[in-house]
Amino acid sequence: MPLETIGVVGLGLLGRGIAATLVANGFRTVAYDHSLDARDNVRSHVRDALGEIVAHGWITPHQADENLRLLRVVDHLDAFSTCDFVIESIVEDMDHKAALFDELECLLPPETVIGTNTSALPITLIQRGRIHPGRFVGMHWGEPCHISRFQELVRGEQTTDATLSLAKELSTACGKEPSLVQKDVRGFIANRLMYAMLREALHLLETGVADVETIDRSFRNDMGFWATIAGPFRWMDLTGIPAYATVMKDLFPQLANTTQLPEAMQRMLDSNSNGVSNLKGFYEYDDESAEQWVKRWTQFTWQIRELADQHVPVNGHSSTLTAEALL
């Protein structure tokens, strides 16, 4: 089944990024959110993302204008009935997702794949009680979606081979380098690695080993230098496996293993600290510095993408968009 029209439900940070990625890669995109503000804002976000892509030479201004016409923002789910593939990207809550899937399964043909953009919920759990559970697959996206090569595809116990194949086809067509998660574990791959790191960082902070800025500095200047070109196993190959085994024996028993929310995180929640979005986080911000950090992050992400395409090409060639993919 050719993939031409893709639906996106949920237009928050990741949802609108997914919509921008689809439009940038030439897919007719039907976008919906229950929030009027989210629906009103998605077009400007997609336009800005296309502008960035043009600025980096991936497509021409004419192509960007043509592709923006592929975006259709709707105020009801009935418009999804003709979609070839639907991506859900709503709040990370099982009850909310189940209610949405109830609606979608009444609208969509049995063969239409539903990809759920969950970052931690087990796909097998999502499949329970579904009319056609085999069409559900996990699609874990990363922000900024239109730049990042990150994508995890997660097979639930009942996900069919055909479903997984279509999800991989869509992911690859969007310039991703999809990772197939072979076992449906909570958090998948990337989040399990990241949250192990976050737990240890918070433990170092709470036990007075170092302050926030010092911990960030060590992380940036060590893992930040090699993580784009090498994952943990390649890094051990490059730097000598036996040394890591020696350190593991003594260090593992000393690492944080709490199952409770760290006190430092609880203090962030209690003080309504969201980060740069409300100028309250582990660091102090004003409007200017928060905006500067967001711009710096976006610029750096583009540079990292270009480095990755140069040194770790996808399937032996650059994964940047091509004009042919957008016509």
Count of segment 275-286 residues which are surrounded by 12 or more Cβ atoms within 10 Å (Cβ to Cβ), without any contact (Cβ under 8 Å) to a residue 40 or more places away in the chain and not small (Gly, Ala, Ser): 4
Residue check, GLU200 out of contact with any strand residue (DSSP E or B) (no Cβ under 7 Å at 6 or more places or on another chain) and in contact (Cβ under 8 Å) with a residue 40 or more places away in the chain: yes
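Just to confirm my filter: which strands (runs of 3 or more DSSP E) fall fully inside segment 15-116 and include at least 2 residues that are surrounded by fewer than 22 Cβ atoms within 10 Å (Cβ to Cβ)?
71-74
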Matching option when the condition is touching a residue at least 60 places away in the same chain (Cβ under 8 Å) and more than 24 Å from the chain's Cα centre (by Cα), among ALA264, ALA245: ALA264
Any pair with Cβ under 7 angstrom, 6 or more apart, that starts in segment 87-107 at a residue that is under 21 Å from LEU153 (Cβ atoms) and ends at one that is in a helix (DSSP H, G or I) and open to solvent by 80 Å² or more (accessible area, probe 1.4 Å): ILE90/HIS96
Whichever residue in segment 122-148 is under 9 Å from the mean Cα position of the chain (by Cα) and in contact (Cβ under 8 Å) with a residue 60 or more places away in the chain and, among such residues, is farthest from LYS295 (Cα to Cα): TRP141
Any hit, segment 119-126, residues being hydroxyl-bearing (Ser, Thr, Tyr), open to solvent by 10 Å² or more (accessible area, probe 1.4 Å) and in contact with a Gly (Cβ under 6 Å, 6 or more places away or on another chain): yes
Sole exception among (1) within 26 Å of the chain's Cα centre (by Cα); (2) exposed (fewer than 12 other Cβ atoms within 10 Å of the Cβ) for GLN292, by number: (2)
Single unsatisfied condition, THR163 versus (1) over 17 Å from GLU88 (Cα atoms); (2) among the β-branched types (Val, Ile, Thr); (3) outside any loop (DSSP other than H, G, I, E, B): (1)
Per-region count, segment 224-237, residues touching a residue at least 12 places away in the same chain (Cβ under 8 Å) and open to solvent by 70 Å² or more (accessible area, probe 1.4 Å): 1
Filter result for LEU193 (open to solvent by 100 Å² or more (accessible area, probe 1.4 Å) and not in a loop (DSSP other than H, G, I, E, B)): yes
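The values are calculated or read from the model by the stated rules, or taken from the named source; none is laboratory data. Because the structure is a prediction, the values reported are computed rather than measured. Quick reminder, even Gly has a Cβ in these numbers, built from the backbone with ideal geometry, and neighbours come from all protein chains shown. Ligands, DNA and RNA are stripped out before the accessible areas are found, and what is left, the full protein with its side chains, is counted by its heavy atoms. Shrake-Rupley method; radii C 1.70, N 1.55, O 1.52, S 1.80 Å.
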